[in-house]
Amino acid sequence: MGNLISICDIKDDVQDILDLAIKIKAGEVEKSPLEGKTLAMIFQKSSTRTRVSFDVGMYQLGGRAIFLSSNDLQMGRGEPIYDTAKVLSRFVDGIMIRAVEHCDVVELAQHSDVPVISGLTNVEHPCQALADVLTIKEHFGTFENKKICFVGDGNNVCNSLLLISPLLGMDMSIACPKGYEPNEHVLRIANEYAKEMNTKITVSDDLNVALDNVDVVYTDVWVSMGDEAEELQRKAALSPYQVDSDLMNLANEGAIFMHCLPAVRDQEVTTAVIDGPNSVVFDQAENRLHAQKAILYYFLKDE
Ligand code: CP
Ligand code: NVA
């Protein structure tokens, strides 16, 4: 039994899960592979895409999902993660959790007898990264000689992209102001993967450097859930990194624009770019469903 908390958990399976997602999207898997299975979905933070795509995904695979707001769970009143893991494992076949603290998801998985899938923590967003690479593969047909640049805050979404890109043979650059670099531990592992796979990772505060020879320009909000208290300083530091048409022009011709959504129009990205012809943000959002159906199939289906 495996868990998906970090892209590192599926280091050797990324390609297989991606191939499965492509097959599932094309309608090439058997009907109702998860018949009779139940997924518990714990949310400690807001969600539109993750919640709806996991719920619909389970339904389409023949199973069902139960939405559990942490405010309503006894966990929200202090029931230990250990007890929650043990109890839920007696009822359901998998647990999806969107948590404030990454370490809480690790603890839940340690004590759970069923697979645990992260739907975002403060450190990573692995399901998003899988949907993103599916979108890139669909758009370009290959990862070979492709380079993705993440612009802005080196956050959870950036961290998962950093780990998955080298595993698929893509170069990645980060354009961020000083103090907003990605997680150091993640960066170290990503660099190990890049070395193994002969790809390149660069981090720079210089947009001209980071956007050199780039095929995918990716950004995310400047103020992630939980960072609200730092809103003013974040806006000040990150405003030179707004993705506008001039920034897009630094990338290769035909470069696409990506964003995990939700977006703040005219903050991290201009309306012209996110609603422009090179934006694939809604394909990306749709691919959450297909990628997660592959994840659910992979982790929950009986042998
Ligand atoms: N991208 C993403 O995870 O969206 P939600 O917060 O709406 O789930
Ligand atoms: N970085 C954002 C992603 C939301 C899907 C956040 O954590 O709020």
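Over the Cα atoms of the chain, each weighted equally, I'd like the Debye log10 I(q)/I(0) at q = 0.12 Å⁻¹, rounded to two decimals.
Here log10 of I(q) over I(0) equals -0.76.
May I ask you to derive the FRET efficiency for Gln74 and His185 from their Cβ-Cβ distance with R0 = 30 Å, giving the value to the nearest 0.05?
0.40
Please list 3J(HN,Hα) in residue order for region 197-208, calculated via the Karplus relation 6.51 cos²θ - 1.76 cosθ + 1.60 where θ = phi - 60°; whole Hz, with x for glycine and proline.
Ordered by residue, 3J(HN,Hα) equals 9, 6, 10, 10, 10, 10, 10, 8, 8, 9, 4, 5 Hz.
Taking 0.36 nm per residue of separation and subtracting the Cα-Cα distance, what length does fully extending Asp212 through Phe140 add?
24.1 nm
Contact order normalised by length for region 238-280, with contacts defined as Cα pairs under 8 Å and 6 or more residues apart; what percent is it?
Relative contact order for region 238-280 comes out at 52 percent.
For region 12-144, what class follows from the C-alpha gyration tensor (a ≥ b ≥ c being the square roots of its eigenvalues): rounded when a/c is under 1.5, otherwise prolate if a/b is larger than b/c, else oblate?
Because a/c hits 1.5 or more and a/b exceeds b/c, region 12-144 counts as prolate.
Beyond a 25 Å Cα-Cα separation, which of these cross-linked pairs lie in this structure: Lys23/Lys146; Lys45/Lys178; Lys147/Lys235?
Lys45/Lys178; Lys147/Lys235
How much mean residue ellipticity at 222 nm does the chain get from its helices, if each DSSP H run of length 4 or more adds -39500 (n - 2.57) and you divide by all residues, to the nearest 500 deg cm²/dmol?
On the way: 12 runs with 128 residues, N = 303.
My calculation for the chain gives -12500 deg cm²/dmol from helical runs alone.
When only C-alpha pairs under 8 Å and at least 6 residues apart count, what is the relative contact order of region 159-303, in percent?
RCO, region 159-303: 20 percent.
Between Phe91 and Glu231, take the C-beta separation as r, use R0 = 45 Å, and let me know the FRET efficiency to the nearest 0.05.
Values: r = 40 Å, r/R0 = 0.88.
Plugging the Cβ-Cβ distance into 1/(1 + (r/R0)^6) gives 0.70.
For the chain, modelled as a GNM with alpha-carbon contacts under 10 angstrom, which of Gly169, Gly63, Gly27 fluctuates the most?
Gly27
If one takes the longest principal axis of the Cα atoms in the chain, at what angle in degrees, from 0 to 90 and to the nearest 10, does the Cα axis of helix 102-111 lie?
On a 0 to 90 degree scale, this one is about 30.
Can you tell me the relative contact order of the chain? Whole percent, Cα pairs under 8 Å, sequence separation 6 or more. All intermediate terms of the calculation are to be shown ahead of the outcome.
Numbers: 591 pairs, mean separation 61.3, N = 303.
This gives 20 percent for the chain.
Using a Cα-Cα cut-off of under 17 Å, which lysines could be cross-linked to Lys37, ignoring same-chain neighbours fewer than 8 residues away?
Within reach: Lys293, Lys301.
If you put +1 on each Lys and Arg Cβ and -1 on each Asp and Glu Cβ, how big is the dipole of the chain around its Cα centre, in Debye rounded to 20?
On the way: 26 positive and 46 negative charges, 128 e Å.
Roughly 620 debye, rounded to the nearest 20.
Let me know the charge dipole size of region 66-212 about its Cα centre in debye, to the nearest 20, where only the beta-carbon of Lys, Arg (+1) and Asp, Glu (-1) is charged.
Approximately 180 debye in magnitude.
Pick from Thr48, Thr271, Thr199: which residue has the top mean-square fluctuation in a GNM of the chain where Cα pairs under 10 Å get a spring?
Its mean-square fluctuation being the largest, the pick is Thr48.
Each reported figure results from applying straightforward, stated rules to the coordinates on display, with no laboratory input. Not measured: the values here are computed from a predicted model. For neighbour counting, all protein chains shown are included, and Cβ atoms are generated from backbone atoms with ideal geometry for every residue, glycine included.
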